[in-house]
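Inspection log for the structure reproduced underneath, given as structure tokens.
The values are calculated or read from the model by the stated rules, or taken from the named source; none is laboratory data. It should be emphasised that the depicted structure is a prediction, and the values quoted were computed from it without experimental measurement. Note: ideal-geometry Cβ built from the backbone for every residue, glycine included; neighbour counts use all protein chains shown. Ligands, DNA and RNA are excluded from the accessible area calculation, which covers all protein heavy atoms including side chains. Shrake-Rupley method; radii C 1.70, N 1.55, O 1.52, S 1.80 Å.
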Amino acid sequence: MKVLVLHCRYTEPGGEDLAVASEEQLLATRGHTVLSYRRSNAEIDPLPMVQKAVLPL
């Protein structure tokens, strides 16, 4: 079976990133074809400080 894994990495690597990598490895060792598409939160332009301050409102 072919499996497409979509994942958005955080700026700082964490447990979710490790879990996705482990799942991909497990699927591959079981004979599945694993295709991954990854993006990173670092690609998002940071909001200007003023916009961040009023975001809760």
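Determine whether the range 42-55 contains at least one residue that is at pLDDT 95 or above and either exposed (fewer than 10 other Cβ atoms within 10 Å of the Cβ) or not in a helix (DSSP H, G or I) (or both). Full working, then the answer.
Of the range 42-55, the ones at pLDDT 95 or above are none.
The answer is no, given that none of the residues of the range 42-55 is at pLDDT 95 or above and either exposed (fewer than 10 other Cβ atoms within 10 Å of the Cβ) or not in a helix (DSSP H, G or I) (or both).
Out of (1) touching a Lys or Arg at 6+ places or on another chain (Cβ under 8 Å); (2) open to solvent by 90 Å² or more (accessible area, probe 1.4 Å); (3) modelled with pLDDT of 95 or more, the odd one out for Arg39 is which?
Arg39 satisfies all of (1) touching a Lys or Arg at 6+ places or on another chain (Cβ under 8 Å); (2) open to solvent by 90 Å² or more (accessible area, probe 1.4 Å); (3) modelled with pLDDT of 95 or more except (3).
Can you tell me which residues in the range 8-35 are modelled with pLDDT of 95 or more and either outside any helix (DSSP H, G or I) or of a type in the set (D, E, K, R) (or both)?
Residues satisfying the conditions are Glu23, Glu24, Arg30, Gly31, His32, Thr33, Val34, Leu35.
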